[in-house]
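Reading through the structure tokens given below for one structure.
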Amino acid sequence: MHVESKIRKPLITGGKTLRDVSNDISVRVEEKPSLSWLAALGVSLLTLGVGAYAVYRTLWDGIGMWGLNKTVGWAWDITNFVWWVGIGHAGTLISAILLLFRQRWRMSINRAAEAMTIFAVICAAMFPLLHMGRLWLGFMWALPLPNTYGSLWVNFASPLLWDVFAISTYFSVSLVFWYIGLIPDFATIRDRAKNAGRKISAFVYGALSFGWDGAAKTWSRYETVSLVLAGLATPLVLSVHTIVSMDFATSVIPGWHTTIFPPYFVAGAIFSGFAMVLTLLIITRKVYNLEDYITIKHLELMNIVIIVTGSIVGIAYLTELFMAWYSGVEYEQYAFYNRVTGPYWWAYWSMMTCNVISPQLFWFKKIRTNIAATFIISIIVNIGMWFERFVIIVTSLHRDYLPSSWAMFYPTFYDVGMYLFSFGFFFTAYLLFSKYFPVINMAEVKSILKSTGEKIKTTK
């Protein structure tokens with residue numbers, strides 16, 4: 001008989017049985033919404049409403065409502081776009097790559113991370129669409145013109161179209177992956193609703209479960225599909241943010257024209273994504289009393305990933321500075337000198353402090369296993385990653401080759417309102433998901449309890 005080391009902490013605490021798992025997670029779906037949940041939903045909807053006004057004014061009056069000018073044509077819109085895409089990376093990484101490597105610690109957190117991915121990608125997709133201005137005409141101008149109009153190169157009008165293909169593929173695979181993982185849990189809630197005589201719930205979750213019967217053949221197909229989708233999603237984790245980074249890297253603007261962008265952006269995306277997962281999970285485990293399923297062990301392992309990716313991001317920042325100095329190119333050197341000491345110096349040093357210094361605190365086990373410290377640092381990291389996108393975009397644009405083209409960017413209410421709209425949508429969607437869908441994968445968590453090592457640790 002195989003017995004795990006006693007040194008290794010159990011992934012599920014509290015001596016839970018299979019029945020306890022079903023009951024603890026399903027009851028959150030079955031019971032009435034709590035006052036705290038309703039209050040949080042109210043705040044999210046209020047934020048969404050304020051942001052919706054900014055979206056309406058932007059669509060009606062155009063992107064001239066933003067603080068853009070002739071020099072700075074990309075600012076908060078593309079900053080927010082890249083930031084939200086980055087946040088969406090952790091979900092698929094936790095689900096796909098860790099599934100292929102058979103890491104069991106992912107099983108309690110993958111559901112919430114996948115949902116976060118779906119909502120973050122929707123938030124990201126909103127910004128390029130609104131940036132097109134007259135959205136209802138945008139598709140006409142973005143698509144290549146046929147040669148009936150004369151001797152034209154059949155080409156797409158914007159490099160952001162690469163992102164459309166990448167993100168739509170990423171979104172489709174992530175959505176299917178997420179939903180297939182939900183089907184066995186929907187069937188569990190359906191059966192519980194039938195036994196309790198709740199006909200409407202039984203009908204709704206029965207429809208969502210697609211007639212899941214729990215047979216051995218059904219489970220075999222479920223596992224096969226999960227592995228196939230994980231294999232498809234794994235390269236997408238690397239490719240999506242690589243394509244986003246090429247929007248910048250293929251230009252000749254100093255500060256953008258660098259080959260380090262693809263790996264640097266991918267590492268930063270995983271970095272910010274894990275930080276957002278931590279932020280959401282710490283709140284979720286507390287509100288829904290899931291401390292036995294999302295343990296300190298899970299938080300510690302995610303903090304270790306943040307240490308690694310944060311260190312890679314820090315090396316990338318220093319590499320950028322070194323390459324600018326080593327290149328001997330006057331314009332490249334000035335671009336980075338201006339970032340560090342120019343009018344936006346506060347954004348650069350905020351980025352360095354939040355992204356490079358703060359994650360290094362996780363080297364200390366006391367901080368790494370402290371929930372309050374983890375929560376604060378996860379928020380700091382996401383603030384820092386937003387500043388990183390802002391620094392890359394705005395500080396590279398606001399000083400052109402001609403001093404006559406130098407300009408500053410100042411955000412307007414509508415820039416901020418668009419950002420609030422994305423937050424309002426994200427948290428509204430996550431709150432609805434956490435209430436009406438099982439927030440932890442019951443089927444996979446049960447497989448942990450069935451293992452010999454976990455049984456021994458929980459019974460002793």
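Where a number appears in this text, it was derived from the coordinates with a stated rule and is not lab data. Just so you know, these numbers come straight off a predicted model, no measurement behind them. A quick note on method: Cβ atoms are made from the backbone with ideal geometry, for glycine too, and the neighbour counts reach across all protein chains shown.
For the reader, a short list of remarks on this structure follows.
- Report note on the peptides 303-315, 41-53, 270-282: ranked by the mean count of other C-beta atoms within 10 Å, highest first, their order is 270-282, 303-315, 41-53.
- Using C-alpha pairs below 8 Å separated by at least 6 residues, the relative contact order for region 193-347 is 17 percent.
- Of the DSSP H helices in the chain, those whose Cα atoms cover at least 20 Å axially and whose Kyte score averages 0.5 or more: 35-61, 110-131, 160-196, 216-249, 261-287, 296-327, 371-397, 413-436
- Sites R57 and S172 - FRET efficiency at Förster radius 25 Å, r taken between beta-carbons, to 0.05: 0.20
- Qualifying trypsin sites (Lys or Arg not before Pro) for region 89-132 [loop in DSSP, other Cβ within 10 Å: at most 16]: R102
- Close amide-amide hydrogen proximity is noted between G67 and T412, D415, each under 5 Å apart and 5 or more residues distant or on a separate chain (H modeled in the peptide plane; Pro and chain starts excluded).
- Spin-label pair Y436/I304, simplified geometry with 7 Å Cα→Cβ offset, distance in nm: 3.8
- In a simple Cβ point-charge model (Lys, Arg +1; Asp, Glu -1; nothing else charged), the chain has a dipole of about 1920 debye relative to its Cα centre.
- Of the peptides 357-364, 404-411, the order by per-residue mean of other Cβ atoms within 10 Å, starting with the highest, comes out as 357-364, 404-411.
- Label-point separation in nm, T369 to K286, each point 7 Å along Cα→Cβ: 2.0
- Listed residue (F248, L420, W105) projecting farthest to the positive dipole end of the chain, Cβ model: W105
- Separation between Cα centres of region 197-239 and region 355-404, rounded to whole Å: 37
- Note on L232 and V252: with the Förster distance fixed at 25 Å, the Cβ-Cβ geometry gives a FRET efficiency of about 0.10.
- Lys/Arg +1, Asp/Glu -1 at C-beta; the chain dipole; positive extreme among I25, W162, Y222: I25
- Lys/Arg +1, Asp/Glu -1 at C-beta; the chain dipole; positive extreme among G88, G64, A125: G88
- Cα centroid of region 50-92 to Cα centroid of region 305-329, whole Å: 27
- Computing semi-axes √(5λ) of the Cα gyration tensor in Å for the structure here picks out one of (i) 41, 26, 21; (ii) 41, 31, 18; (iii) 47, 27, 20, namely (i).
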